Each structure stands twice: as C-alpha cells, then as structure tokens.
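Here the structure is laid out as structure tokens; the discussion comes afterwards.
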Amino acid sequence: MGKCMIIGCGGVASVAIHKCCQNSEVFEGIMIASRTKSKCDALKEKLQPTTKTIIETAQVNADNVDELITLIESYKPDVVLNLALPYQDLTIMDACLATKTHYVDTANYEPLDTAKFEYKWQWAYRERFEKAGITALLGSGFDPGVTGVFSAYAMKHEFDEINYIDILDCNGGDHGYPFATNFNPEINIREVSAKGSYIEDGKWVETEPMEIKRVYNFKGVGEKDMYLLHHEELESLALNIKGIRRIRFFMTFGQSYLTHLKCLENVGMTSIEPIMYEGREIVPLQFLKAVLPDPASLGPRTVGKTNIGCIFRGKKDGKDKNYYLYNICDHQECYKEVGSQAISYTTGVPAMIGAMMIMTGKWNKAGVYNIEEFDPDPFMEALNKWGLPWEEDFNPTLVD
Ligand code: NDP
C-alpha cells in the first residue's frame with residue numbers, strides 16, 4: 001500500500017514499528033529516523049527477518065526543518081508519523097507542508113520553556129494544510145487518541161447528545177522500583193506537576209495539582225486512587241462533541257509515587273528553569289530524567305494491567321443514558337508480544353492505526369484535525385484487530 005516515515009525511536013515508536021511490521025500489507029516500507037541512529041539500526045536488525053515490510057533507517061535532528069525536508073524528499077513517504085517529543089511537532093509539520101506529505105502525531109506541541117498543553121500552535125496550520133491538500137492527524141495515541149475515537153463512536157452510535165465525559169486512565173502496573181515513570185520522565189513529570197483543570201459550561205476551571213481525588217473500582221485492576229489532571233484532549237473534545245457541559249480527566253497514582261514526586265518538587269528537581277551547575281547551564285528536570293530508570297527498561301519488570309476509557313452521560317431518544325467504553329491491557333502480554341510494557345503499547349498501537357487510516361485513504365480530508373473529527377468506525381474495528389480490544393458497560397459506576 002505505501003511507505004511511512006517514523007520519527008523517533010523511543011518507547012512508543014518501538015511498539016508502533018513492531019505493529020507496522022505485523023501489518024506489511026499496508027506498511028510496505030518504513031523508515032525509522034531518529035536522533036540516535038544506532039537505536040533505529042538495532043530495531044531493524046531485530047525486526048527485518050520477521051517481516052515483509054522493508055525497513056530503512058536514518059539519523060535526523062527533528063528540530064531542523066531543512067534536514068527533515070531533505071530526508072522526506074529522499075524517502076518519499078506517504079505519511080510521516082511523529083513519535084519524537086512534543087517539542088518537534090511544529091518543525092515536522094513545517095517539513096510535511098514543504099514536501100506535501102501527510103502528518104500524524106500523538107501529543108500536542110508545547111514549547112520547551114512552558115509546560116502548557118494547547119492546540120493553538122498546531123491549529124494555526126489548518127489553512128496551510130488545507131491549501132497543500134494534505135492531512136495532519138493530531139493526537140493518535142491512547143489519550144489523546146483512542147479517547148477521542150471512543151467519544152466520536154459514542155456520539156455516532158449511542159447518543160443524541162453527550163453532556164458529561166469523564167476520561168479515566170488507570171495504570172495498575174507495578175515495576176518494583178520506588179520511583180520511575182512509565183514514559184518519557186520529562187513529559188510525564190511536566191504533565192503531573194502542572195495545575196489540574198477541567199472544562200465546565202465552556203470555561204476552564206483550574207485546580208491545584210492533585211487537588212481533586214476520587215476512588216474508583218476498575219475492572220481488571222481493582223480499587224485505585226485517581227486525581228484530576230489537565231489533559232490536552234479536553235480542549236478539542238469540548239469543541240467537537242455536541243452538547244458537552246463538563247469534561248474531566250483522571251489518572252491513577254499510588255501514594256508512593258506522589259510522595260516521591262512531592263519531595264522532588266520540594267527540592268527543585270522538577271523545575272524546567274535552567275540553573276548554573278559547575279559553570280554550565282542545566283535544566284533540573286532534564287537532569288532528573290538522566291538519573292531515573294529508562295522507561296524502556298521497565299518492560300520486563302512490570303506486572304498488572306491498565307484500564308483506560310471514557311464514561312459518557314447524555315441523552316438518547318429523550319432519555320438519560322450512561323455508557324462506559326474502555327480497554328484493558330496487560331503489561332506482561334505486551335512485553336511478550338513486542339518487548340514493551342502497556343503504556344508504550346497502548347500509545348504505539350493507535351499511532352500505527354492512525355497512520356494506516358491515512359495511508360489506506362479511510363480517513364481522507366485536507367487540513368489539520370483532531371482524531372474525533374474522523375469516522376470512528378474503521379479505527380474501532382482496527383483496535384480490536386491490532387491488540388487493543390474495547391469493552392462496553394451500559395450501567396457503569398459514575399464518578400461524582
Ligand atoms: P521517548 O523519550 O522514549 O522517545 C522519544 C524519541 O524521540 C527518542 O528516540 C529520541 O531520540 C527521539 N528524539 C527526541 N528529540 C529528537 C530530535 N530533536 N530529533 C530526532 N529525534 C528525537 O518518548 P516516548 O516514546 O515515551 O514518547 C513519544 C511521544 O509519545 C511523546 O511525544 C509523548 O508525549 C507521546 N505520548 C503520547 C501518549 C498518548 O497516549 N497520546 C502516551 C505516551 C506518550 P534518542 O533516542 O536519541 O533519545
């Protein structure tokens with residue numbers, strides 16, 4: 001069917017690459033291009049004997065638009081799948097515009113110096129992508145990603161209007177370390193140490209970090225504490241889903257994780273303000289990343305399950321209706337299949353599916369779109385097929 005260039009070769013990219021290689025009919029060729037080429041080569045060496053997909057590798061600095069353009073022009077992919085970090089979103093979008101190549105990512109742009117997740121920078125590309133006749137699919141991971149597809153599916157098949165959405169992200173996994181993050185520590189800690197917020201009646205309501213706590217009994221996992229966080233998909237879902245009055249995002253955290261985080265925060269280790277250390281400038285959070293366990297090393301040690309989904313409340317045929325759509329994913333099963341734990345798996349699989357939707361032409365409109373703006377049905381079907389089957393509950397316990 002076509003060729004895909006994957007930028008980045010970290011935890012999420014590794015899963016997406018395994019999945020592309022399982023799906024050679026669509027992904028005839030992939031190029032893995034990242035900052036550290038040896039990681040790309042190691043993955044190629046492992047996977048090439050197992051797949052018909054032709055794998056190429058390259059070194060690229062994705063902060064540099066010209067380098068990206070040269071590489072895209074030489075490989076001529078149908079789509080670029082950005083699995084580097086959110087800081088590279090705009091340079092990669094610029095290169096896609098210059099080469100008229102479709103673009104897919106899993107996290108919205110944020111500038112290095114402000115931990116603020118907003119779509120405004122990427123939405124500003126709408127007209128240019130439309131004019132160029134290419135698609136940018138934003139947020140094709142799990143959350144954002146599958147949560148948006150679930151919302152579009154609920155809207156299409158189960159509701160006339162959706163008034164309340166609660167997104168619940170539960171990780172019941174245990175890696176045995178006193179403190180480690182399940183994906184890029186810098187991104188993860190920036191996310192959880194920021195103020196919380198949710199949308200009510202069209203307005204953002206801000207909370208202190210971890211101010212709002214609830215307890216929920218998750219299928220497959222059990223009872224967990226969860227906390228309200230700001231999350232990027234709230235912004236787009238509040239605009240794209242009809243009738244929304246309130247939308248919130250909760251993530252589970254254990255007490256030990258929070259105590260460690262508080263201590264690191266109190267001593268200044270989570271700060272993104274550069275400081276001088278022995279004559280050179282360093283960012284404390286980046287230094288912390290360097291001393292924490294590499295998320296990729298957690299795979300073999302992590303046991304337990306994740307359960308991520310959305311509880312919808314709204315109206316169907318004039319009556320009140322509640323509906324819960326979720327996926328349960330087992331850390332060890334993921335590790336057996338692709339050598340990564342469930343956090344990378346639940347993001348890497350939808351990333352592959354997003355690229356597949358564009359490459360197969362199932363999703364085909366020029367411009368910049370969030371994932372819930374496309375027909376959810378082919379994506380939902382693909383989730384079942386490619387390792388993230390979903391379950392539904394028509395009488396869920398609600399979150400107060
Ligand atoms: P990792 O840190 O494991 O991987 C990032 C990769 O990008 C690394 O291979 C890194 O290279 C590469 N990279 C970084 N900067 C550059 C650059 N300037 N040029 C080229 N390559 C670069 O991160 P994850 O795999 O955990 O996360 C990837 C993305 O997925 C992030 O944007 C994250 O926010 C997003 N995400 C989304 C989720 C969702 O559900 N939507 C959930 C989890 C993550 P090197 O190997 O040299 O370090």
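Annotations
- Residue pairs meeting the criteria (Cβ under 6 Å; at least 6 apart or on separate chains; first in contact (Cβ under 8 Å) with a residue 40 or more places away in the chain and part of a helix (DSSP H, G or I), in the range 216-243; second of a type in the set (D, E, K, R) and buried (at least 21 other Cβ atoms within 10 Å of the Cβ)): 240/372
- For the range 220-257, the tally of residues that are among the hydrophobic types (A, V, I, L, M, F, W, C) and under 20 Å from residue 307 (Cα atoms) stands at 10.
- Failed criterion for residue 167 (all others in (1) in a helix (DSSP H, G or I); (2) touching a helix residue (DSSP H, G or I) at 6+ places or on another chain (Cβ under 9 Å); (3) surrounded by 20 or more Cβ atoms within 10 Å (Cβ to Cβ) hold): (1)
- Residue count for the range 68-97 under the criterion of being in contact with a strand residue (DSSP E or B) (Cβ under 6 Å, 6 or more places away or on another chain) and free of Cβ contacts under 8 Å to residues at least 24 places away in the same chain: the result is 0.
- Members of the range 5-46 found to be more than 16 Å from the ligand (Cβ to nearest atom) and touching a strand residue (DSSP E or B) at 6+ places or on another chain (Cβ under 8 Å), listed by number: 21, 26, 27, 28, 29
- Among the residues examined, residue 196 does not qualify as loosely packed, with under 15 Cβ neighbours inside 10 Å, over 18 Å from residue 309 (Cα atoms) and among the small types (Gly, Ala, Ser).
- Residue-level check: of (1) modelled with pLDDT under 95; (2) within 13 Å of the ligand (Cβ to nearest atom), residue 116 misses just (2).
- Yes/no for residue 180 being crowded, with 23+ Cβ neighbours inside 10 Å, more than 18 Å from the chain's Cα centre (by Cα), among the hydrophobic types (A, V, I, L, M, F, W, C) and not in a strand (DSSP E or B): no
- Strands (runs of 3 or more DSSP E) contained entirely in the range 263-340, each with at least 2 residues that are under 30 Å from residue 111 (Cβ atoms): 275-277, 280-282, 305-316
- In the range 123-161, the qualifying residues are those that are β-branched (Val, Ile, Thr) and under 14 Å from residue 93 (Cα atoms), and the one that is surrounded by the fewest Cβ atoms within 10 Å (Cβ to Cβ) is 134.
The values are calculated or read from the model by the stated rules, or taken from the named source; none is laboratory data. Because the structure is predicted, anything quoted here is derived from the model rather than measured. All Cβ positions, glycine included, derive from the backbone under ideal geometry; neighbour counts span all protein chains shown.
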